[in-house]
Structures are given as structure tokens and as C-alpha cells.
Amino acid sequence: MNVLDVAQNSVAAGAKLIRISLEVDDARERLVLTIEDDGKGMTEETISRVTDPFYTTRTTRKVGLGLPFLKMAAEMTGGAFSIRSQPGRGTCVQAEFGLHHIDRAPVGDMASTVAGLIQCSPDIDFVYIVRAAGDRFCADTREMRAVLGDVPLSEPGVAQWIREFIEENTQPILRRSNIV
Amino acid sequence: MKSLQELAAIRDRMKQTVNTREAAHDTTRVVVGMATCGIAAGARPVLNAFTEEIARRELSGVLVTQTGCIGLCQYEPIVEITMPGQEKVTYVKMTPEKVSRVVAEHLIGGKPVTEFTIGAAAR
Ligand SMILES: Nc1ncnc2c1ncn2[C@@H]1O[C@H](COP(=O)(O)OP(=O)(O)OP(=O)(O)O)[C@@H](O)[C@H]1O
Ligand code: FES
């Protein structure tokens, strides 16, 4: 799953807080990925265009691939894709995947992805939630900051700890749901 | 299992080595290209390896960050290192195995590992 590409849109949108959640919904047989930010948001018109791969505001390349790719990956598994956004308020991107669908992309190394985002954007707060089979884990940089005081989240020693913290706590939950 | 309490111990250890008010111009930056092509080529383990090695050696004033497209897919994973007062050095086709040498010779020793750089690969 190309979580990094999509979360980077939130970083680029000037978000102060980005929430990423991964939820296993056994009853509906869905794996739900949500990326929510309080960045600059998008107008109706932009929302209707962003899933077109030929729409992008970036200047280094002519096509935007993050959102169209996520949409395609979700729909390929009988899932769903939605974007809710309001200019000035923020954006919420949600992709639902068929949990046991053969074409569902592997979840990938989410611990490294989230830890990398935190390490590289130490001024933004991130909340990462994993929910599956009655278990829940939440990593919140606001709590980490409260402990760290002056020591920045970008310090390699801290970044290393964050990755291990997420990995150790989420691996068993995801494994119990058979999704990694 | 790791918990937030451990973070307090890390903070206390860091406070001794880290000058938290480090000026931007004294900071060494290790920038890893993390476009889709970079990730496919294995950039993530490289970023993790740099973070681990720098944390293990407790180097201060070194940040590891990521960037998007550098425009050189065929050379990914690409890592750019900028040290204060020096020109940017671009490493190409990086692997986690190459990381410890780059940390020891370049970040600590101050001498880039030329055989891993873009100049050497293009020749
Ligand atoms: N969270 C967001 N907040 C505000 N604007 C967004 C957000 N996500 C996407 N956009 C807008 O939609 C455009 C298309 O996004 P998309 O992820 O498809 O491609 P990209 O970011 O331009 O390129 P790529 O992801 O391939 O590097 C972006 O350029 C941006 O203008
Ligand atoms: S897409 Fe490969 S370096 Fe830009």
C-alpha cells in the first residue's frame, strides 16, 4: 500500500496533525486505511479531479500517482475509496480493501513508513492507530513530545525507538488477524 | 514490550550528547530518496540502517530525512549527504551493507567513500 505517497500529500498540505489508521473489520471482511489531516484541504473541483492520474499540482512530474493508485488498489479488491475535504479545514482519504481478496496489496512495512514520516517532519504531529480483533494500539507524537521535552523527534536514537515501538506493538495485533 | 517510559531514558541519555539548540548550519543531513522507485529499489532498509548506525554510535548533529523524486531512477536507492561547509555528496545504488562504511568514513572520518558515489557509477 502506498501509504507514504498519500501521507506526503498531507505533509505538503501544511497539516499540523496527521492521523493514520489501519483497521481490520472482520465482520465486513474489510481492511480500512484512513489518512486524515488538518491541512489546507481541497475544493470540490479538485476532489473530483485528484483521482485522475493526469491531475497533479506538483511540478517535478506531470502526473500524480498517489491517490489514483490507492483508489485502484482498493477497488481491485472489491473495496471502496473516498475523499472528504474542505478548503482550510483538512482532508480525509479512506480506502477499504477486501480483507481476504487475492489482489489485496500487502500492508507493507507500516512501522518504518510511520516512523520515517515522524523522523522527517518532526514539527508535525502524527497519530497512528491499529485496530484489529478487539485489540487497539495507538502511537501519538504529542505524548512522545511531552516525555522528550527539548529532544527532537528527528534525533536518530528517538526515531529508531519510535520504529521499534510501533513494530513491537502492532506486529502481534496484525499477525493475530493474519494480515501480515 | 516497548512503552513510553523507555523514551524518558532515551531522552536522559541524549541530553548529554545532543545540543538541542543546534543551529541549522551545524547539522549534517543524510537525505534518502523515497520516491516509489526508490522504495522499490530498497530505500527503506537503507534509511533504517542509517538511523540505526547513527543512533548506535550516538553521533550528534546528524539528521536522517527523506525526499521524493530525485530524478535518477536507475541509480536508486540514492542518498545525499551534506556536511557543514562541504559540498553535497551523492551516493547511488545504496544498500544497508554499504551504510556502516559511509557512516564511519564520511560522517565520522569526514572523507566521502568515493567508490559509492555518483561519479564512480557513471564512469
Ligand atoms: N491531503 C491533501 N490535502 C490537500 N491537497 C491534496 C491532498 N492530497 C492530494 N492533494 C492534491 O491532489 C493532488 C494529487 O495528489 P496525488 O497523490 O494523486 O499526486 P501528487 O501528490 O501530485 O503526486 P505523487 O503522489 O505521485 O507524488 C496533489 O498534487 C495535491 O494538490
Ligand atoms: S521517480 Fe525515480 S527518481 Fe523520480
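Annotations
This table checks each residue for (1) at pLDDT 95 or above; (2) within 16 Å of ligand 1 (Cβ to nearest atom); (3) within 14 Å of chain A (Cβ to nearest Cβ).
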| residue | (1), (2), (3) |
| --- | --- |
| B:GLY71 | no, yes, yes |
| B:GLU76 | no, yes, no |
| B:GLN86 | no, no, no |
| B:VAL89 | yes, no, no |
| B:LYS98 | yes, no, no |
| B:VAL113 | yes, no, no |
| B:PHE116 | yes, no, no |
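- Boolean, B:THR82 is away from ligand 2 (no atom under 12 Å from the Cβ) and within 14 Å of chain A (Cβ to nearest Cβ): no
- With respect to the conditions (1) farther than 16 Å from B:GLU105 by Cα; (2) in contact (Cβ under 8 Å) with a residue 40 or more places away in the chain, B:GLY71 falls short on a single one, namely (2).
- Long-range neighbours under 7 Å by Cβ, at least six apart or interchain, first residue within 11 Å of chain B (Cβ to nearest Cβ) within segment A:105-120, second at pLDDT 95 or above and surrounded by fewer than 20 Cβ atoms within 10 Å (Cβ to Cβ): A:ALA111/A:GLU167
- Members of segment B:40-57 found to be more than 7 Å from chain A (Cβ to nearest Cβ) and open to solvent by 40 Å² or more (accessible area, probe 1.4 Å), listed by number: B:ALA40, B:ALA41, B:PRO45, B:ARG56, B:ARG57
- The single condition among (1) among the aromatic types (Phe, Trp, Tyr); (2) under 17 Å from A:LEU22 (Cα atoms); (3) more than 13 Å from chain B (Cβ to nearest Cβ) that A:PHE137 does not satisfy is (3).
The values are calculated or read from the model by the stated rules, or taken from the named source; none is laboratory data. Everything numeric in this text was worked out from a predicted model, so none of it was measured. For neighbour counting, all protein chains shown are included, and Cβ atoms are generated from backbone atoms with ideal geometry for every residue, glycine included. Surface areas here come from the heavy atoms of the whole protein model, side chains and all, with no ligands, DNA or RNA. Shrake-Rupley method; radii C 1.70, N 1.55, O 1.52, S 1.80 Å.
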